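Report on one structure; see the data block that follows.
The values are calculated or read from the model by the stated rules, or taken from the named source; none is laboratory data. Computed from a prediction, not measured in an experiment: that's the story for all the values here. Note that each Cβ is placed from the backbone with ideal geometry, even for glycine, and that neighbours are counted across all protein chains shown. What goes into the accessible areas is simple: the full protein's heavy atoms, side chains included, and nothing from ligands, DNA or RNA. Shrake-Rupley method; radii C 1.70, N 1.55, O 1.52, S 1.80 Å.
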Amino acid sequence: MGQPMKAEYDLVIVGSGIAGLSFALKVAQAGHSVAILTKKDKAESNTNYAQGGIAAVTSAGDDLEKHVSDTMEAGDGLCDAQVVREVLSDGPARIEDLVELGVAFTSLDDGRISLGREGGHSERRVLHVKDMTGKAIEEALLAAIAREGVEIHEHLFGIDLITARKARKLGIQVEGNEDFVLGLYAYDASAAAVRTVSARSILLATGGTGQTYLYTTNPSIATGDGVAMASRAGLSIANLEFIQFHPTTFHSLEADRFLITEAVRGEGAKLVDGNGNPIMGKYHPLADLAPRDIVARAIDREMKRSGVPCLWLDTPAMSIDFRDRFPTVYENCLKRGVDPVKERIPVVPAAHYSCGGIPAGLDCSTEMPGLYACGEVACTGLHGANRLASNSLLEAVVLAFRGAEAVNAYLADKKKPLFSLPEWVDGDVPASDERVVLSHNLDELKRTMWDYVGIVRSTKRLERARSRIRNLSREINEYYWNAKVDLPLLEVRNLVCVAELIVRSALSRKESRGLHYTLDYPDKAETAETVLVEPMRS
Ligand code: FAD
Ligand code: SIN
């Protein structure tokens, strides 16, 4: 049993990945009361599994202009140039902060930092801790949080935001007409009960949406909860069709596809077909280090053309000490029966990263006063239509720093009153009564997304997906409104909401750009526009 929650907080943070933890640290240091809620164990996050590293300009041969240009090129015309420049220019300072917190980036024998290379980067600029960068960052941040005495509540699942609009609808007196956050409902898995939490401000740092797909690199926490919460609270969601499929995950029928970091190609591995022939030369001048959307589409095409179930990474041909540089990949391949020093690794693409999300500024503010979004859940304009590899850890740490300053300023206005909140009303049917049906719903949802909303799309496939998802949504929401909620039900409710948002966003984009490729509109439109999908109010 963890520590009890207080009646109210200045800031409640939902999520304990790099974004939530970095943000918490800086707001707590300013003396505000902060609580982090996290739905599983505190280290369980996408952050914890990041392999390749964190991109920033730190070497003499590199410069900001090159990093900006690589980011914009990968983003395929949809990046916000000012956001790109500001985020990337803050990178080196935030790297120094991480080093100060104890992140020991791998160095070369001569003492210089070892810089990895990944797809779309014209220079080596990815700082890494071998191939376990995310784990090292997560550990350092959790230790810093503990030193600062920030409350972290595990197994507490943010369900829905409580907003002024919602409270007024329920007959609660809230001054004025504007909408803003008052708090949230959270499901306490240890007590099987819903808590009502009062907060002057809330940060959504819930990470990605990978679990909407049958095959994903993301751990089970990545169910798009923050996007669903924001949409239900009345916010439009931006560019959600840009789902990044990582080109290389270990080929197996397991749903959690183990990532083979792009840094393996950065160190010289080539993608080859069944005869050992390299494939990427014919698709892009950067060959194996082309931007990710191009590599994933090339693999998809090669697999469809030749009918093979996967391609291979030719690791035995590499001239590095694979075990030393990639110990996590090495061990995980061995566990799956392949020794990458002697055998090629079988690889296929899998859903990996959500470039869209809750529209948020450089200070993490959203259109709702008091509500902030940071990390993978947010859409800031940095990634455009396709994220450059290793720019997401960087975005999270840079914008958490800036966002925390904005929250500190918002909280300085201590006049902001806390209001009494409407209590949660639970249904009376145990959600477990429908466990089997719900798990079939979930399976159907993930297969629909994989089959119809994948790397290559068409209007017909997207419409088919929309109609299936709507049926699933009706069924799942009917259970939800009558149920005594539990974690699987809350997650599937969010997944079906996010899947619908992805499909609606994809149907609205009448062009192919970056990660969104549709056979019906194979060309890029003349002007790059953001797609905003209207809220799915509850
Ligand atoms: P996360 O780290 O995912 O944290 C989200 C947190 O929110 C978790 O603690 C989760 O439990 C919690 N949460 C979610 N919903 C709720 C809820 N309803 N209530 C309470 N808590 C909730 N990017 C790079 O830049 N470089 C890399 O090398 C790299 N490698 C990657 C490798 C893998 C295998 C994966 C999956 C991703 C990788 N990425 C990489 C992407 C990057 O890791 C993520 O984009 C980034 O870590 C996201 O950080 P975050 O803080 O936004 O979210
Ligand atoms: C990888 O290591 O290939 C993942 C990097 C990323 O997603 O940025």
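The condition of being under 22 Å from the mean Cα position of the chain (by Cα) and more than 9 Å from ligand 1 (Cβ to nearest atom) holds for only one of HIS32, HIS67, that being HIS67.
Only one of the listed residues (ALA406, ALA396) is within 16 Å of ligand 2 (Cβ to nearest atom) and surrounded by 15 or more Cβ atoms within 10 Å (Cβ to Cβ). That residue is ALA396. Filtering segment 76-93 to residues that are crowded, with 16+ Cβ neighbours inside 10 Å, in contact with a helix residue (DSSP H, G or I) (Cβ under 8 Å, 6 or more places away or on another chain) and under 15 Å from ALA528 (Cβ atoms) leaves ASP76, CYS79, VAL84.
Residue count for segment 234-263 under the criterion of being crowded, with 24+ Cβ neighbours inside 10 Å, within 13 Å of ligand 1 (Cβ to nearest atom) and not in a strand (DSSP E or B): the result is 5. Test LYS26 against the stated conditions and say whether it is in a loop (DSSP other than H, G, I, E, B) and either open to solvent by less than 10 Å² (accessible area, probe 1.4 Å) or among the basic types (Lys, Arg) (or both). So LYS26 fails the test. Checking segment 155-170 against the condition returns a match, with at least one residue being crowded, with 20+ Cβ neighbours inside 10 Å, away from ligand 2 (no atom under 16 Å from the Cβ) and outside any strand (DSSP E or B). Screening ILE279 on (1) hydrophobic (A, V, I, L, M, F, W, C); (2) closer than 17 Å to SER122 by Cα; (3) more than 16 Å from ligand 2 (Cβ to nearest atom) shows it passes everything except condition (2).
Selection of segment 134-154 for residues being surrounded by fewer than 20 Cβ atoms within 10 Å (Cβ to Cβ) and under 15 Å from ASN46 (Cα atoms) yields LYS135, GLU139, LEU142. Per the conditions (1) within 16 Å of ligand 2 (Cβ to nearest atom); (2) in contact with an Asp or Glu (Cβ under 9 Å, 6 or more places away or on another chain); (3) of a type outside the set (D, E, K, R), the sole criterion not satisfied by TYR372 is (1).
Within segment 35-64, if we keep just the residues that are under 17 Å from the mean Cα position of the chain (by Cα) and of a type in the set (Val, Ile, Thr), the residue that is farthest from SER122 (Cα to Cα) turns out to be THR38. Figure legend. Inter-residue proximity from segment 351-373: first residues among the acidic types (Asp, Glu), second residues open to solvent by 10 Å² or more (accessible area, probe 1.4 Å) and more than 12 Å from ligand 1 (Cβ to nearest atom), beta-carbon distance below 6 Å, spacing 6+ or different chains. Indicated pairs: ASP363/ARG402; ASP363/ALA406.
Go through the residues of segment 478-490 one by one and say whether even a single one is touching a Pro at 6+ places or on another chain (Cβ under 6 Å) and within 29 Å of ASP428 (Cβ to Cβ). The answer is yes, given that some residue of segment 478-490 is touching a Pro at 6+ places or on another chain (Cβ under 6 Å) and within 29 Å of ASP428 (Cβ to Cβ).
Checked across segment 203-210, the condition of being within 16 Å of ligand 2 (Cβ to nearest atom), farther than 30 Å from TYR410 by Cβ, hydroxyl-bearing (Ser, Thr, Tyr) and part of a loop (DSSP other than H, G, I, E, B) holds for no residue. Taking residues in segment 521-536 that are farther than 11 Å from ILE237 by Cβ, and partners anywhere that are assigned to a loop (DSSP other than H, G, I, E, B), the pairs with Cβ atoms closer than 6 Å and at least 6 places apart or on different chains are TYR521/LYS510; TYR521/GLU511; TYR521/SER512; PRO522/SER512; LYS524/GLU511; ALA525/GLU511; ALA528/GLY77; ALA528/LEU78.
Filtering segment 29-63 to residues that are closer than 19 Å to ALA144 by Cβ, in a helix (DSSP H, G or I) and touching a Pro at 6+ places or on another chain (Cβ under 8 Å) leaves only ASN48. Restricting attention to segment 395-431, the residues that are more than 19 Å from SER16 (Cβ to Cβ), part of a helix (DSSP H, G or I) and touching a strand residue (DSSP E or B) at 6+ places or on another chain (Cβ under 7 Å) add up to 4. Would you check if VAL348 is hydrophobic (A, V, I, L, M, F, W, C), outside any loop (DSSP other than H, G, I, E, B), surrounded by fewer than 23 Cβ atoms within 10 Å (Cβ to Cβ) and within 15 Å of ligand 1 (Cβ to nearest atom)? So VAL348 fits the description; yes. Scanning segment 211-231 for residues that are open to solvent by less than 10 Å² (accessible area, probe 1.4 Å) and part of a loop (DSSP other than H, G, I, E, B) yields TYR213, ASN218, ALA222, THR223, GLY224.
Quick one: would you say ALA50 is open to solvent by 10 Å² or more (accessible area, probe 1.4 Å), touching a residue at least 12 places away in the same chain (Cβ under 8 Å) and of a type in the set (A, V, I, L, M)? The answer is yes for ALA50.
Among the residues of segment 295-306, is any open to solvent by less than 10 Å² (accessible area, probe 1.4 Å), at pLDDT 95 or above and not in a helix (DSSP H, G or I)? Within segment 295-306, none of the residues are open to solvent by less than 10 Å² (accessible area, probe 1.4 Å), at pLDDT 95 or above and not in a helix (DSSP H, G or I).
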